[in-house]
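Below: the structure, in structure tokens.
Each reported figure results from applying straightforward, stated rules to the coordinates on display, with no laboratory input. Because the structure is predicted, anything quoted here is derived from the model rather than measured. Positions of Cβ are generated from backbone atoms using ideal geometry, with glycine treated the same way; all protein chains shown enter the neighbour counts.
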Amino acid sequence: MFKKILIANRGEIAMRIIIACRELGIKTVAVYSEADENSLHVRFADEDVCIGPPRSSESYLNVPGVISAAEITGADAIHPGYGFLSESAYLAEVCEACHIRFIGPDPKVIRLMGDKSRARRAMKKAGLPMLPGTDGPVESEEDALKFSNAIGFPVIVKAVAGGGGRGMRVVRSAQELGHAIRTAQREAEAAFGVPDVYIEKYLDSPRHIEVQVLGDHHGAVVHLGERECSIQRRHQKLMEESPSPALTEKQRRKLGNMVVDAAKAVQYSNAGTFEFLMDEHGKFYFMETNTRLQVEHPVTELVTGIDIVKEQIRIAAGERLSVRQGEVTFNGHAIECRVNAEDPDTFVPSPGHISVFSMGGGPGIRVDTAAHSDCTISPYYDSMIAKIISYGRDRHEAIVRMRRALEMSVVEGVKTTIPMHLKILNDPDFLAGRMSTRFMERFTPPSEKKGSLAEAV
Ligand code: ADP
């Protein structure tokens, strides 16, 4: 087992990894930017190294900085968390070259899944159901038009290197296609440095359902059930739950087994998430694989009792998975609300100083955060300040607990999305489990409606 792990991240996820390391008796190294000097992850790690100025391109995304910090402190592994360098095949390769273990899949698998078009082909071959889509990047607008006419509009233009909902364009008619391709290519080039885009059939009101897997280096892969992540704004998740209220036990088993087979086909190791869209007839279509820990992993931990971060560390150290598929059980229901420092109506970020911070607790509530009273939310990083996760014997109990935990949370100094979550938790469709990725349109201010979710995200 590792003696010391460097955490190449910040905020709540750095804290989450420190927690796992403490439970495993592993020492930790925090890296931080100048903006995060007083952060909790720096306080609670055993050692810390400043790796640069606030801008993430000069600190948390700086591979030589991260690697030097690992070498100076003698860390034997790096956990990248989510975001930042978590899906960097390059960091994984540099780690290999430096004899530092990267806590994630093999760089080859990261590279394959990071190219959504190649990933589509590989997963199709492995038997996963696909939406009709181009087999590779769009070569010319003529070909794109021919293809889109053949599968029928609407279609969605997506960046091959996509992530975080960027570089996507929904196209409803032939006339809009050329412009949408050019805009998506420009956006993709700016965001990812790769302009390639591909085309896929667009589903109007799907659900987003994803399956968590764990694979070890001895060929074993298990799935930990699904998460429903249909509550999104601009293709970014806001609230997640497990299990999905839309799946039957039979569907869960079938989807899970399909994903396990696909993961085995690419020799997937460590934690990963296979994302699907589900149409109104209950059919699934593969979308992408995220080769890292997800923000929403706690809901799966609560219903399975499996500590995903500890499993990741054990797997990276060469140990066997601690459970076989038959031993994975699903109990109760969990919901996660991402509390962001944002205006709850306009979603405009609200960074600043938090004078009072107290999250509701009590039975069935878990809070993952690095915020505290008298702390500052920096404008340099994403605006999530806490994740509140509720657990109940059933969905109703999880909802009731979440509501009262949010109502009993006090955050002074910045605006938060707590009021938005309370609106969702009181919505009759949400309560009945009726939702799609368009659910949030009902709360979108009229000024934003034009060009919103369905049209140009
Ligand atoms: P990213 O990697 O940028 O997050 P994804 O491929 O995971 O992009 O898609 C994010 C979201 O975009 C999905 O959860 C869904 O809401 C929407 N989306 C993506 N592809 C389609 C599609 N073919 N039809 C309808 N919605 C889609």
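If the label point is 7 Å along Cα→Cβ of residue 174, which residues in the range 146-166 have backbone nitrogen under 18 Å from it?
Those under the cut-off are 146-156.
Rounded to the nearest 0.05, what FRET efficiency is calculated for residue 393 and residue 145 with R0 set to 45 Å and r the Cβ-Cβ distance?
Efficiency for this residue pair is about 0.25.
Restricting the calculation to Cα positions, tell me the Rg (one decimal) and the Dmax (whole number) of the range 132-201 in Å.
In Å, with Rg to one decimal and Dmax whole: 10.7, 30.
On alpha-carbon atoms, Rg over Rh for the range 207-451 using Kirkwood Rh?
Looking at the range 207-451, the ratio lands at 0.97.
Within the set 27/387; 116/237; 116/201, which residue pairs have Cα atoms separated by over 22 Å?
27/387
Under a crude label model (7 Å from the Cα following the beta-carbon direction), how far is residue 186 from residue 343 in nanometres?
Rounded to a tenth, the inter-label distance reads 2.6 nm.
For the chain, what is the calculated [θ] at 222 nm in deg cm²/dmol (nearest 500), taking -39500 (n - 2.57) for each run of four or more DSSP H residues and dividing by its residue count?
Helix contribution divided over all residues of the chain: -9500 deg cm²/dmol.
Compute the normalised compactness of the range 267-351: alpha-carbon radius of gyration over 2.2 N^0.38 Å, N being the residue count.
Computed over Cα atoms of the range 267-351, the ratio equals 1.39.
Counting other C-beta atoms within 10 Å, which of 329, 444, 417, 28 has the fewest, and how do the rest follow?
Going from sparsest to densest Cβ surroundings: 329, 444, 28, 417.
Can you give the three extents of the C-alpha atoms in the chain along their principal axes, from longest to shortest, in whole Å?
Largest to smallest, the principal-axis extents are 59, 49, 47 Å.
For residue 37 and residue 356, compute 0.36 nm times the residue count separating them, minus their Cα-Cα distance, and round to one decimal in nm.
Additional length available on full extension: 112.8 nm.
Between the range 29-54 and the range 266-311, how far is it from one alpha carbon centroid to the other, in angstrom?
Cα centres, the range 29-54 to the range 266-311: 29 Å.
Kindly provide log₁₀ I(q)/I(0) values, in the same order as q = 0.13, 0.23 Å⁻¹, from the Debye equation applied to equal alpha-carbon scatterers of the range 71-122.
Listed by q, the Debye log ratios stand at -0.33, -0.84.
Taking the Cβ-Cβ separation of residue 217 and residue 331 as r and a Förster radius of 25 Å, what is the calculated FRET efficiency to the nearest 0.05?
That gives a FRET efficiency of 0.30.
Cut-off is 10 Å between beta-carbons; in what order do 391, 285, 60 appear when sorted fewest neighbours first?
By the 10 Å Cβ count, ascending: 285, 391, 60.
For the range 1-67, build the convex hull from the C-alpha positions and give me its volume per residue in Å³.
For the range 1-67, the hull spanned by Cα atoms encloses 72 Å³ per residue.
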